[in-house]
Amino acid sequence: MDILLSDEHRAIQESVARITARFGDDYWSECDREARFPDAFHKAMADGGWLGIAMPVEYGGSGLGVTEAAILMHTVAKGGGGYAAASSIHLNIFGPHAIVVHGNDEQKRRILPPLIRGEEKACFGVTEPNAGLDTTSIETFARRTNDGYIVKGRKIWTTTAQEADKILLLTRTAKKADGKRPSDGMTLFYTTLDRSKVEVRRIPKMGRAAVDSNTVFIDDLFVPDEDRIGEEGKGFRYLLDSLNPERILIAAEAVGLGQDALMRGAKYARERVVFGRPVGQNQGIQHPLAESWAYLESAWWMTLRAASLYDAKQPCGAEANAAKLLAARASFEACTRSILAHGGMGYAREYQVERLFRESMIPRIAPVSEQLILSFIGENVLGLPKSY
Ligand SMILES: Cc1cc2nc3c(=O)[nH]c(=O)nc-3n(C[C@H](O)[C@H](O)[C@H](O)COP(=O)(O)OP(=O)(O)OC[C@H]3O[C@@H](n4cnc5c(N)ncnc54)[C@H](O)[C@@H]3O)c2cc1C
């Protein structure tokens, strides 16, 4: 058993930290205040070759595993930009996985290199207003025509749809009631976000304003056959392949964000003197911070365990779900405690922790909620009856 990071892992951390160090608090505060996409950061990551870390070498990627991708995203989120930084590149890292596994050679040649070079951005349209977490109940429908499909429907919470050139889109091509299983009849496309047929409306939200979230109205969008990933009707199964990596990466990002908030809280607690001593000398301030360090560390190692199981092609559903649950809670708690250690200044934008706190809600909700994670573990690990 080897649970040490390798030299290669440490090299990833050092190289990525050198990039994040170029983007300071002023940069991220401004992106947040002005709801501006962090283009310069995105470009720096693309120029550094990081967007293709887990993509195949023959298409310009680095061909590394989820472990290395998790280390990358952990370092990105820890570097001050939190989820604004992580979400600006998140979809590139493992989002195209369904295309890597189920796309044909022509699709991979056409789709992957521009994503890896950062020349194209993609968004991911799964969630719908009337389906929520019950993904097989989506209503967006792709109707067959001679040489493709006509798509009509609505997505919600689609991240980066303001910026994206392309959309990875989950649709129904047959009604749920007509399939043997609820997941039958769902089809995945990767296609151009043609804004003459798709209206993208930004959702005003609590945090991470730099990276947009949207309602997407799709009105008779034509999608050619060559933009269908894999076989018609099997799209949901293709997506399942990338669920665990996505949970692992979100967990890694949550840990990074929480650790950044924690270190800011500890720094303030060392420096702020009240009643003639640093506030961090009081155990009421010191212990919650120390406890958060322990929770974040344990979430981090659960994340790496899930990643190494995935890379070893072993089942990792329980571990990936547990990592996401633990990391999101530890991150939220660390942000809360960091704000409290700052006292009133925790509420001031100047100290950044309120920005991180607002973002720390994201992994508790997306891409899957805590309740559904616990239901998964209850059912699949503990053998309890399915509850939904
Ligand atoms: C910032 C952000 C970015 C996002 N980005 C994307 C994106 O890029 N693409 C995309 O497709 N989606 C995206 N999402 C959507 C996200 O994945 C969903 O919000 C999430 O899956 C929860 O779905 P919902 O909001 O519809 O909640 P609902 O399904 O409406 O659930 C509401 C609440 O009820 C609980 N609940 C529901 N059913 C049960 C049950 N049977 N048992 C116990 N509890 C239950 C849920 O856990 C939740 O707490 C994003 C969301 C956010 C907030």
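The values are calculated or read from the model by the stated rules, or taken from the named source; none is laboratory data. These figures come from a predicted structure and were not determined experimentally. We place every Cβ from the backbone using ideal geometry, glycine too, and count neighbours over all the protein chains shown.
Of everything listed in (1) more than 15 Å from residue 252 (Cα to Cα); (2) part of a helix (DSSP H, G or I), the single unmet condition for residue 319 is (1).
Looking only at region 210-257, count how many residues are within 30 Å of residue 335 (Cα to Cα) and not β-branched (Val, Ile, Thr). Selection size over region 210-257: 17.
Taken over region 178-200, the criterion of being among the polar types (S, T, N, Q), in a loop (DSSP other than H, G, I, E, B) and out of contact with any helix residue (DSSP H, G or I) (no Cβ under 7 Å at 6 or more places or on another chain) is satisfied by 196 alone.
Residue 137 passes all but one of (1) small (Gly, Ala, Ser); (2) touching a Ser or Thr at 6+ places or on another chain (Cβ under 6 Å); (3) farther than 23 Å from residue 206 by Cβ; which number fails? Failed condition: (2).
Being among the acidic types (Asp, Glu), closer than 22 Å to residue 249 by Cβ, outside any loop (DSSP other than H, G, I, E, B) and in contact (Cβ under 8 Å) with a residue 12 or more places away in the chain, is that true of even one residue in region 331-353? There is at least one residue in region 331-353 that is among the acidic types (Asp, Glu), closer than 22 Å to residue 249 by Cβ, outside any loop (DSSP other than H, G, I, E, B) and in contact (Cβ under 8 Å) with a residue 12 or more places away in the chain. Checking the structure you have, find out if any residue of region 144-152 is touching a Gly at 6+ places or on another chain (Cβ under 8 Å), of a type in the set (S, T, N, Q) and farther than 25 Å from residue 387 by Cα. Checking region 144-152: not a single residue is touching a Gly at 6+ places or on another chain (Cβ under 8 Å), of a type in the set (S, T, N, Q) and farther than 25 Å from residue 387 by Cα. When every residue of region 192-207 is checked against the conditions, none turns out to be surrounded by 24 or more Cβ atoms within 10 Å (Cβ to Cβ) and either under 25 Å from residue 370 (Cβ atoms) or within 14 Å of the ligand (Cβ to nearest atom) (or both). The residues of region 367-386 that are in contact (Cβ under 8 Å) with a residue 40 or more places away in the chain, near the ligand (Cβ under 6 Å from one of its atoms) and not β-branched (Val, Ile, Thr), listed by number, are 367, 369, 372. Looking across region 242-268, just one residue is surrounded by fewer than 24 Cβ atoms within 10 Å (Cβ to Cβ), of a type in the set (Gly, Ala, Ser) and at pLDDT 95 or above, and that is 266. Note on region 46-75: residues that are under 18 Å from residue 124 (Cβ atoms), more than 16 Å from the ligand (Cβ to nearest atom) and assigned to a helix (DSSP H, G or I) total 2. Among residues of region 164-181 that are touching a residue at least 60 places away in the same chain (Cβ under 8 Å), those with a beta-carbon under 8 Å from a residue that is among the polar types (S, T, N, Q) and surrounded by 23 or more Cβ atoms within 10 Å (Cβ to Cβ) at least six positions away or on a different chain give the pairs 170/187; 171/187; 173/187. On the given criteria, is residue 84 within 16 Å of the ligand (Cβ to nearest atom), part of a helix (DSSP H, G or I) and closer than 30 Å to residue 262 by Cα? Yes; evaluated as a whole, the condition is true for this residue. When residues in region 244-284 are screened for being assigned to a helix (DSSP H, G or I) and either of a type in the set (S, T, N, Q) or in contact (Cβ under 8 Å) with a residue 12 or more places away in the chain (or both), 28 of them pass. For region 1-29, give me each residue that is among the hydrophobic types (A, V, I, L, M, F, W, C), modelled with pLDDT under 95 and out of contact with any helix residue (DSSP H, G or I) (no Cβ under 9 Å at 6 or more places or on another chain). Scanning region 1-29 gives 1, 4. Restricted to region 115-177, the set of strands (runs of 3 or more DSSP E) holding at least 1 residues that are out of contact with any helix residue (DSSP H, G or I) (no Cβ under 7 Å at 6 or more places or on another chain) and away from the ligand (no atom under 13 Å from the Cβ) comprises 141-145, 148-159, 166-172. Checking 331, 360, 308 one by one, the residue that is polar (S, T, N, Q), within 28 Å of residue 2 (Cα to Cα) and within 16 Å of the ligand (Cβ to nearest atom) is 331 and no other.
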